[in-house]
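Novice: Pasting in a structure now, in structure tokens, and then I'll have a few things to ask.
Just so you know, all these numbers are worked out from the coordinates, no wet-lab data involved. Just so you know, these numbers come straight off a predicted model, no measurement behind them. Cβ placement follows ideal geometry from the backbone for every residue including glycine, while neighbour counts extend to all protein chains displayed.
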Amino acid sequence: MGLAETDGVVASRSRQSRKHDDKFVEAEETWELKKLYRDLTAAKQIYNGLNNRKKILTPVEKCYLRGLLCLHSPEKIALELGDSLGTVKVALSNGLYRYVEALLETKLEEQIKIRWDNIYYLLDRAGYKKEFRSHSLAVQDPLSSEQLSSLSCPYRGLSAFKTEDAAYFFGREQFTEKLLEAVRSRSLVAVVGASGSGKSSVIAAGLIYSLSQDSDWIIVSVRLGNSPFYALAAALIPALQLEISEVDKLKEIKKLATMLRLGEYGLRDVVEQVFDFFFASRGRLDRLRERLGLEHRVRTTRREQRRRNR
């Protein structure tokens, strides 16, 4: 009976060891793990007393360390291993974090406070991350903090891409081309999709940016919100480029919003007025008439007729 129990314990420990040995091994691709294990073993021995030479990093500690180097939180490590979160946190707080602190305070010559979310960065600073450099490329000096702060981050996270982000917007070129074809051939094009599917990004950084490269387009962007007529008027009035003060501009926005709401002035009327002003003010009215021909004259006549009927 005793032998069977002993065999069971040995087998259980073997399985437990394999479980920790096989997890987060991808960290070895990026980190000098052998060197790090060796240095942390020395730090552990110093932390626990110089006479404690038999103290080495356990398979569990090595596993938790690899998990942290893979940017996993303690919660993620516990979930992946099937260990309790409390066990993982205690092992880190009372052991591994203290050994890393002892090591890095010697390496970096500064006081260190280790957390799961800064251990990656600090061990990288200490030189434990592998360097991947092509021999065919010249090694450049690292950028200064001023140079780094001047760089714009290409990743927008959960934010939508704007028109000024077009240089970083990739992967929707074919859809953008389809949108351009549709806008050029139809009077109304709707882009419909689920929330978060990228509608705003493809319109701003794809469609609007592409149209802005053509000087014959007038682009007015508006989010209607809780006061749709006022928002629409506020977007259209600046397009008229009226030579009036900001105070008078506010009055005109309010007046136009009221007219739109009451139906006294239609959106088409405003758009046509903006369109005419845009081309006439730039000496392009002849080109406009040539492109639109009779259609433009008919629209003008209809607009004048509607105004007389009021």
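Novice: Give me the extension gain from ASP248 to TYR155: residue separation times 0.36 nm, minus the current Cα-Cα distance, reported in nm with one decimal.
Specialist: On the way: separation 93, 0.36 × 93 = 33.48 nm, distance 4.06 nm.
Roughly 29.4 nm would be gained on extension.
Novice: For Cα pairs less than 8 Å apart in space and 6+ apart in sequence, what is the mean separation divided by the residue count of segment 160-276, i.e. the relative contact order in percent? Walk me through the numbers on the way to the answer.
Specialist: On the way: 85 pairs, mean separation 26.2, N = 117.
The normalised contact order for segment 160-276 reaches 22 percent.
Novice: How high is the FRET efficiency between VAL90 and ASP117 when r is their beta carbon distance and R₀ equals 22 Å, given to the nearest 0.05?
Specialist: Working: r = 18 Å, r/R0 = 0.82.
Once the sixth-power term is evaluated, E becomes 0.75.
Novice: Please list, in chain and number order, the residues 5+ apart from TRP31 or on another chain whose amide H is under 5 Å from its amide H, with Hs placed from the backbone.
Specialist: Counting only residues 5 or more places away or on other chains, the set is LYS130.
Novice: Still on this structure, please answer the following. Sequence neighbours fewer than 8 away in the same chain don't count; with that in mind, list the lysines whose C-alpha is under 21 Å from LYS19.
Specialist: Those lysines meeting the cut-off are LYS34, LYS62, LYS76, LYS89.
Novice: Hey, another quick one. Between PHE170 and LYS129, what is the label-point separation in nm under the 7 Å Cα-to-beta-carbon projection?
Specialist: 2.0
Novice: Residue by residue through segment 183-199, what is 3J(HN,Hα) from phi via Karplus (6.51 cos²θ - 1.76 cosθ + 1.60, θ = phi - 60°)? Round to whole Hz and write x for glycine and proline.
Specialist: 5, 6, 10, 10, 7, 9, 10, 10, 10, 10, x, 5, 4, x, 7, x, 4
Novice: Could you give the length gained on full extension between LEU108 and GLN241, defined as 0.36 nm per residue of separation minus the Cα-Cα distance, in nm?
Specialist: On the way: separation 133, 0.36 × 133 = 47.88 nm, distance 6.01 nm.
Full extension from LEU108 to GLN241 adds 41.9 nm.
Novice: Calculate, in nm to one decimal, what ILE46 and ASN226 gain on full extension: separation in residues at 0.36 nm each, minus their alpha carbon distance.
Specialist: Values: separation 180, 0.36 × 180 = 64.80 nm, distance 6.56 nm.
Working it through step by step, the gained length comes to 58.2 nm.
Novice: Apply the Karplus parameterisation 6.51 cos²θ - 1.76 cosθ + 1.60, with θ equal to phi minus 60°, to every residue of segment 238-248 and state each ³J(HN,Hα) to the nearest whole Hz, in sequence, with x for glycine and proline.
Specialist: Once rounded to whole Hz, the list reads x, 5, 6, 6, 6, 8, 9, 6, 5, 5, 5.
Novice: Now for a different question. Computed FRET efficiency, Cβ-Cβ of LEU79 and GLU177, R0 45 Å: what is it to the nearest 0.05?
Specialist: Rounded to the nearest 0.05, the efficiency is 0.55.
Novice: Turning to a different aspect of this structure: Quick one: Karplus J couplings for segment 115-120, per residue in order, coefficients 6.51, -1.76, 1.60, θ = phi - 60°, nearest Hz, x for Gly and Pro?
Specialist: After applying 6.51 cos²θ - 1.76 cosθ + 1.60, I find 10, 5, 8, 10, 5, 4 Hz.
Novice: Something else about it: What are the residues whose amide H is under 5 Å from the amide H of PHE24, where those residues sit 5 or more places off or on another chain and H is modelled from the backbone?
Specialist: Here the answer is none, since no amide H 5 or more places off falls under 5 Å of that of PHE24.
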